[in-house]
1. Consider just the alpha-carbon atoms of segment 184-301 and return their Rg together with their Dmax, both in angstrom.
2. Could you tell me how far the Cα centroid of segment 305-357 sits from the Cα centroid of segment 38-87, in Å?
3. So for the pair residue 237, residue 113, with labels modelled 7 Å out along Cα→Cβ, what separation do we get in nm?
4. Give me the angle, in degrees from 0 to 90, between the Cα long axis of helix 23-37 and the longest principal axis of the Cα atoms of the chain, rounded to the nearest 10.
5. Please turn the phi angles of segment 233-250 into ³J(HN,Hα) values with the Karplus equation 6.51 cos²θ - 1.76 cosθ + 1.60 (θ = phi - 60°), one per residue in order, whole Hz, x for glycine and proline.
6. Evaluate the relative contact order of the chain (contact order divided by residue number), counting alpha-carbon pairs under 8 angstrom at least 6 apart; express in whole percent.
7. Between residue 502 and residue 370, what is 0.36 nm times their sequence separation minus the Cα-Cα distance? Round to one decimal in nm.
8. Under a point spin-label approximation (7 Å from Cα along Cα-to-Cβ), what is the residue 273-residue 90 distance to one decimal in nm?
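The values are calculated or read from the model by the stated rules, or taken from the named source; none is laboratory data. Here the structure is a predicted model, which means the values were calculated and not measured. Cβ placement follows ideal geometry from the backbone for every residue including glycine, while neighbour counts extend to all protein chains displayed. For accessibility, only protein heavy atoms count, side chains too; no ligands or nucleic acids. Shrake-Rupley method; radii C 1.70, N 1.55, O 1.52, S 1.80 Å.
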Amino acid sequence: MGRNDSVVRIPGPWAKAASAFPESLTTRAYREAARWSGVEPLSDPALSAERSFHVMGLYRRTELLQASRRTLESIRASIPSDPTRARFDRLFRPRGEWIVDLHDAALDWARLRMPGIHWRAARAALGAAHRIPSAVDSVDEETLLRGMYALAVLAATDSSAFAATRTDMWRSDSISTAAVLVFLRGYTEALRWYSEAIEFFLNEPWLPQAKSLRELVRTDWTSVAGQRFDPDLPRIETRWFGYPQAVPQYGIPPELFSRLITTRNPSAAEWLRQHGQGALLRSLRWLPRGDTSLTLLRAGSETLRLTTVPRQSRESLNGFLEPRDAVAIDPGYSPLLAIGAVIHEWQHLLFRRRQLELFARGLAERDSAFVELPGVQPHLAEGFAEWSAERILGPVAARWPLLTLGELEKRADLARPGSQDQHTIGYALVRALGKALPTPGAATALLLRYAQDPSRIPSEPALRNAWARYRGSSGQTLRTSMYPILTPEVTFTMDKDFPDVVTTRILVPRGADAVR
C-alpha cells in the first residue's frame with residue numbers, strides 16, 4: 001500500500017481554475033456563519049492561539065453556551081415527531097436544563113451524586129496537579145475546565161503519570177481531590193452521552209420533513225453509486241487526543257475481505273461462518289507485532305517498509321484492516337460544532353469504501369499472491385471531504401449555522417496566504433472540479449477513477465473544454481512523504497478468539513512497478 005513517488009503534479013488549467021477561489025472567501029464565509037450563530041468571529045491571532053479551545057467550549061465559553069442553547073431550542077421546535085423530540089429531551093435536557101457538551105454532562109452526573117457540587121471545588125487539587133495556576137486565589141470557570149479536561153486526558157492515556165498526580169493532589173487538599181475524582185468519574189460516564197448525542201444527530205429524523213443527516217448523505221451518494229445507496233452509520237468512538245480531533249478508521253468491505261483472508265480447511269471455514277468477518281479482523285490485532293524498529297526492504301527500484309497488521313493498526317490514526325468503519329473523535333469537541341467534522345470524516349469513509357469495492361471487482365479478474373491496495377492522494381482526499389460535507393450540510397447550515405462553524409473556523413485558520421495545507425489546497429481543487437462538471441456525482445466518480453493520480457483528471461474531454469481559457473497556465477506540485485508498506489502473508493489457526501501463527505512469509509514484489 002502506498003507509493004515511493006511522493007510528487008503529484010496538477011496541470012496548469014486545473015491549478016488556475018482552483019486559484020479563482022481566493023482564501024478571503026473562506027474567511028468571509030466563516031465570519032458570516034459566526035455572526036449568524038450569535039458568536040463573535042475570532043480574530044486572526046485568536047484563530048491561531050485559541051481555535052482548539054474555542055470549539056471545545058473552553059474559550060469564550062459563556063458566549064458559545066448561549067449560542068448552543070439557542071440552537072438546541074430551535075432544533076427542538078422544528079422536530080416533526082413526538083418520539084424523536086422525547087429522545088432529544090432525554091439527551092439534551094433530561095432534568096429541564098440544557099446539556100450542550102461533555103463538561104455539562106460530567107457536571108450533571110456529578111451533581112446527581114453530590115448535589116450542589118461546583119467546578120470551584122476542584123481548584124485546590126487542580127493547582128496541586130499543576131493544571132491551573134496554583135498561586136491565583138480566583139480562577140474563572142474556563143480555566144478550571146481546561147484543567148479538568150487536561151486531567152481527564154492524562155487519566156485516560158497515562159496511568160502511571162496520573163497515579164503520581166493523584167498522590168500529589170491527596171497530599172495537598174483531600175476535600176478538593178475528592179471533588180476532582182467525582183468530576184473525573186463524571187467525564188468517564190459522559191463519554192456514552194457524547195457518542196449518543198453525535199449518533200442522534202446522524203441517525204434520527206430531527207430535520208424538517210422528518211429527515212436525518214444519514215438520509216442527506218444517502219441521497220448524495222446514490223447519485224454516485226448509480227443505484228440506491230444506504231450507507232452504514234459509522235461507529236462513533238470517543239478517544240482522548242488532547243485536542244479537537246476526528247479521524248476516520250477504515251473498515252474492509254466484504255468483497256475485498258474474501259481476497260485478503262483465505263480459509264485453508266473446513267475448520268477455518270466453519271469458524272468464519274460462526275464468528276463472521278468482524279471477529280476475524282479483530283483477532284488480527286492479536287498477531288505478533290513484529291520488530292518495532294524501522295525495517296526497509298529494497299525490491300527493484302522500490303523501497304518498502306515492512307510492518308504487520310497489529311503494528312500498522314496501532315501506529316496509524318486511520319487504523320488498518322479495521323473490523324468496521326468508525327469515526328474516532330475527541331469528546332471535548334463540542335457536539336454541535338463537531339457535526340461538520342463527523343460528516344467530513346464520514347465522507348472519507350464512504351469514498352474509501354466505494355474505491356475498495358470497485359477495486360475488489362477488478363481483483364476478481366486477476367490471480368495473484370499480492371493484494372496491492374489502491375491509495376488516495378492526500379490533497380484530493382481532504383479536498384473531497386471538505387467539498388462533499390459542505391454540500392450535504394448546506395441546507396442545515398442555512399438554518400443552523402452553528403452546526404458547521406467548527407469546520408469553517410478550521411478552514412479559516414488554515415487558509416493563510418501561502419498555506420500548503422492539504423485541506424485548503426484540496427478544497428480549492430475539488431471545488432473547481434465540481435463547478436466545471438454538470439453534477440456532484442460526476443465529479444465524485446471522476447475523483448474515484450483518478451484517486452491515486454489526480455494529475456490525469458484535466459485530460460477528460462469535459463474538463464478540457466471547461467478550462468480551455470486556462471490553457472498554458474503554470475501547474476502546481478503537491479508533495480507527500482510516505483513509504484509504501486508491505487505486510488507479510490501470515491498463516492494461523494484460531495484458538496477460541498486468538499490466532500496461533502503457523503508460518504509468516506515475506507513475499508517480495510516482482511519488479512519495480514509491483515507496488516503502487
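1. Taking only Cα atoms of segment 184-301, I get Rg and Dmax of 20.2, 59 Å.
2. If you average the Cα positions of each part, the centres end up 25 Å apart.
3. In this crude label model, residue 237 to residue 113 measures out at 2.6 nm.
4. 40 degrees
5. 6, x, 5, 8, 10, 7, 9, 7, 7, x, 6, x, 10, 9, 9, x, 10, 8
6. So the answer I get is 27 percent.
7. Length difference between fully extended and current span is 45.6 nm.
8. Using points 7 Å along Cα→Cβ, the separation is 3.9 nm.
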